[in-house]
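The values are calculated or read from the model by the stated rules, or taken from the named source; none is laboratory data. Keep in mind the model is a prediction, meaning the values are calculated, not measured. Using ideal geometry, Cβ is built from the backbone for each residue, glycine included, and neighbour counts are taken over all protein chains shown.
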Amino acid sequence: MKDTILCPQCGKLANYNSYFGAYFCSECKWEDRSPARRRSARQALLGKFLAGDKMKRSDLKALLRTCEAG
Ligand SMILES: [Zn+2]
């Protein structure tokens with residue numbers, strides 16, 4: 001398990017809190033308690049977005065929602 005992941009809301013690092021079993025972003029207060037499988041799918045998407053793939057922020061949000069549903 002990684003200690004930090006990228007926050008999908010602000011792009012900063014979110015730290016893993018083992019007590020809660022979730023990631024928290026101190027920047028925007030985002031938190032993630034979703035299962036690891038969903039989380040890694042989302043991180044892959046986010047990584048693409050941050051790498052400068054031609055993806056609009058609105059598209060990213062739609063894709064992230066798809067991940068949540070899956
Ligand atoms: Zn954040």
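Things worth noting here:
- With respect to the conditions (1) surrounded by 15 or more Cβ atoms within 10 Å (Cβ to Cβ); (2) more than 17 Å from residue 67 (Cβ to Cβ); (3) within 11 Å of the ligand (Cβ to nearest atom), residue 32 lacks only one, and its number is (2).
- Applying a threshold of 9 Å to beta carbon distances and a minimum spacing of six or more residues, or different chains, the list of pairs starting in the stretch 1-30 at a residue that is over 21 Å from residue 48 (Cα atoms) and free of Cβ contacts under 8 Å to residues at least 12 places away in the same chain and ending at one that is away from the ligand (no atom under 13 Å from the Cβ) and among the β-branched types (Val, Ile, Thr) is empty.
- Matching entry among 48, 2 (being over 11 Å from the mean Cα position of the chain (by Cα), part of a helix (DSSP H, G or I) and either more than 15 Å from the ligand (Cβ to nearest atom) or not β-branched (Val, Ile, Thr) (or both)): 48
- Where a residue in the stretch 31-44 is part of a helix (DSSP H, G or I) and its partner, wherever it lies, is modelled with pLDDT under 80 and surrounded by 13 or more Cβ atoms within 10 Å (Cβ to Cβ), with Cβ under 6 Å and at least six apart: 38/67; 41/67; 42/64; 42/67
- Condition met for residue 64 (aliphatic (A, V, I, L, M), modelled with pLDDT under 80 and either part of a helix (DSSP H, G or I) or loosely packed, with under 14 Cβ neighbours inside 10 Å (or both)): yes
- Residue check for residue 58: surrounded by 12 or more Cβ atoms within 10 Å (Cβ to Cβ) and either more than 16 Å from the ligand (Cβ to nearest atom) or assigned to a strand (DSSP E or B) (or both): no
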